[in-house]
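Chemist: What follows is a single structure, and I will ask about it in a moment.
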Amino acid sequence: FAYHPHLKAMPRFGLNMRRRSLLSILLAIAVITGSRPSRLDERLNAARRRSNQVPAFVFAESRRSCLPRTSGGAGMALAAESNSAGSFAERREALKQCLAREYRSFFRPFEAEFYSEDVTFKDPLNDLSGKASYKNNVEMLSGDSLVGNLMFSDGFIDLHSVEDVPEDQTKLRTRWTLGFVFKLLPWKPKALFSGVSEYTIDPVTASVQSQRDYWDTLSLDRGGSYVPESPLAGLADLVAQLLPEQLRPHAAQEPAVATEEGWALLRRAAAYRVYRASGGTVFAIAAPGFSGGLEGVSAEMKAHGLNAGSRIEVPP
């Protein structure tokens with residue numbers, strides 16, 4: 001699988017939208033589905049998965065060409081820089097370094113000086129404005145707020161890249177994978193998302209004016225571009241991932257082997273998944289429930305601007 005510039009980084013998410021409504025839905029799921037499945041059920045389900053596993057044929061190329069990159073290199077300076085001095089280019093570079101720090105630390109801390117007072121944020125679950133709301137949102141998702149600590153655990157953001165947007169100096173893009181465990185439900189489901197964050201910055205101060213997040217499962221379009229998701233699509237995706245395993249739709253599942261082998265998720269597209277193995281190899285496999293086979297995966301990847309390389313076999 002030839003890693004492509006369109007598959008580089010990861011941005012942040014938020015869940016603070018209509019918190020009470022979302023929490024009510026999640027609690028309703030817990031009531032309807034009952035308590036956590038028994039250990040016997042879990043063992044039977046695990047045995048059933050193993051008996052149905054078959055070798056997966058994936059796309060892969062050289063490890064070096066597949067590794068994601070972060071703009072500025074691995075040695076990007078982490079020293080904080082002032083957002084009020086220097087040229088626009090210097091302030092813009094300081095903002096890129098700020099974003100890299102925030103993602104890698106899960107916004108511990110949130111560097112408020114790089115954001116406009118009236119900054120806006122929108123993703124498939126949230127639509128909010130104001131620096132205070134933005135800060136509350138990231139603190140909830142990282143578990144640093146009271147509500148976040150009650151709802152989430154094991155949260156992470158895997159930053160793939162911080163990118164320039166060609167021919168527009170007032171735009172930046174990050175690519176990422178986000179995951180967390182929703183611990184309010186007895187079975188403690190894990191939710192995973194991958195996508196991009198598109199930032200609009202002030203043409204003078206280089207402070208963030210707006211952030212728009214897109215999820216690969218909902219918005220990835222031809223050529224690797226992103227289009228707005230359908231109404232309520234984000235909520236449907238989240239709720240599907242939080243259902244008990246025996247009720248979860250195929251599209252909301254991840255292959256058991258991915259967890260067992262410790263694969264890092266790079267792209268969670270509707271038709272395929274892209275992973276990085278512990279040794280560095282990056283490869284694509286069909287998404288659970290996708291019936292198009294490897295030929296269909298290759299066609300979907302090509303439509304998204306990715307080129308399939310040689311086929312390899314990944315043992316279950």
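The values are calculated or read from the model by the stated rules, or taken from the named source; none is laboratory data. It should be emphasised that the depicted structure is a prediction, and the values quoted were computed from it without experimental measurement. Every residue, glycine among them, receives a Cβ derived from its backbone with ideal geometry; neighbour counts consider all protein chains shown. Remember, those area values only see protein heavy atoms, side chains included, never the ligands or the DNA or RNA. Shrake-Rupley method; radii C 1.70, N 1.55, O 1.52, S 1.80 Å.
Chemist: Using a 1.4 Å probe, what is the accessible area per residue for region 161-303, in Å²? Present the calculation step by step, with values, prior to reporting the outcome.
Modeler: Numbers: 5550 Å² over 143 residues.
Spelled out: the 1.4 Å probe surface of region 161-303, per residue, equals 39 Å².
Chemist: Quick one: length gained pulling Ala270 to Gln246 fully straight, 0.36 nm per residue minus the C-alpha distance? Please list the in-between numbers first.
Modeler: Working: separation 24, 0.36 × 24 = 8.64 nm, distance 2.01 nm.
Net length gain for the segment: 6.6 nm.
Chemist: Could I ask something else about it? Can you spot the lysines whose alpha carbon is less than 20 Å from Lys122's alpha carbon? Ignore those fewer than 8 places along the same chain.
Modeler: Those lysines meeting the cut-off are Lys96, Lys131, Lys135, Lys171.
Chemist: For region 281-296, just list the computed ³J(HN,Hα) in residue order, Karplus coefficients 6.51, -1.76 and 1.60, θ = phi - 60°, integers in Hz, with x standing in for Gly and Pro.
Modeler: 5, 10, 8, 10, 9, 5, 6, x, x, 7, 9, x, x, 5, 5, x
Chemist: With a ≥ b ≥ c taken as the square roots of the eigenvalues of the C-alpha gyration tensor of region 86-127, please select rounded if a/c is under 1.5 and otherwise prolate if a/b is larger than b/c or oblate if it is not?
Modeler: Oblate.
Chemist: In region 179-316, carbon and sulfur make up what percent of the accessible area (probe 1.4 Å)? Let's see the in-between values first.
Modeler: On the way: 3000 of 5550 Å².
After summing per-atom areas, the C and S share lands at 54 percent.
Chemist: Computed FRET efficiency, Cβ-Cβ of Lys302 and Arg104, R0 51 Å: what is it to the nearest 0.05? Mind dumping the intermediate values first?
Modeler: On the way: r = 32 Å, r/R0 = 0.63.
It comes to 0.95.
Chemist: Separate question: Give me the distance in nm between label points sitting 7 Å out from Cα along the Cα-to-Cβ direction at Glu117 and Asp154, one decimal.
Modeler: According to this spin-label approximation, the distance is 4.3 nm.
Chemist: May I pose another question? Can you tell me, using C-alpha contacts under 8 Å and at least 6 residues apart, the relative contact order of region 225-316 as a whole percent?
Modeler: Working: 83 pairs, mean separation 16.3, N = 92.
Reported relative contact order: 18 percent.
Chemist: Shape of region 177-314 from its Cα gyration tensor (a ≥ b ≥ c, root eigenvalues): rounded if a/c is under 1.5, otherwise prolate when a/b > b/c, or oblate?
Modeler: Numbers: a/c = 1.65, a/b = 1.17, b/c = 1.41.
Cα axes put region 177-314 in the oblate bin.
Chemist: Round to the nearest 0.05 the FRET efficiency obtained for Glu260 and Asp164 when R0 = 41 Å and r is the Cβ-Cβ distance.
Modeler: For R0 = 41 Å, the calculated efficiency reads 0.65.
Chemist: OK, next. Spin-label point model (7 Å from Cα, Cβ direction): what's the Leu184 to Arg222 distance in nm?
Modeler: Computed distance between label sites Leu184 and Arg222 equals 4.1 nm.
Chemist: Based on the Cβ-Cβ distance from Ala236 to Glu90, what FRET efficiency comes out when R0 is 51 Å, to the nearest 0.05? Don't skip to the end; give the middle numbers.
Modeler: Details: r = 43 Å, r/R0 = 0.85.
FRET efficiency, Ala236 to Glu90: 0.75.
Chemist: Could you put Glu93, Glu295 in order of accessible surface area, largest first, with the 1.4 Å probe and the full protein assembly present?
Modeler: Working: Glu93 70, Glu295 120 Å².
Descending order: Glu295, Glu93.
Chemist: Starting from the 7 Å offset along Cα-to-Cβ, what nm value, one decimal, do you get for the label separation of Ile312 and Ser278?
Modeler: Calculated label separation equals 1.5 nm.
Chemist: If a/c stays under 1.5 just call it rounded; otherwise compare a/b with b/c (prolate if a/b is bigger, oblate if not). Do that for region 113-198, with a ≥ b ≥ c from the square roots of the Cα gyration tensor eigenvalues.
Modeler: Details: a/c = 2.69, a/b = 1.52, b/c = 1.77.
Judged from the Cα gyration tensor, region 113-198 comes out oblate (a/c at least 1.5, b/c at or above a/b).
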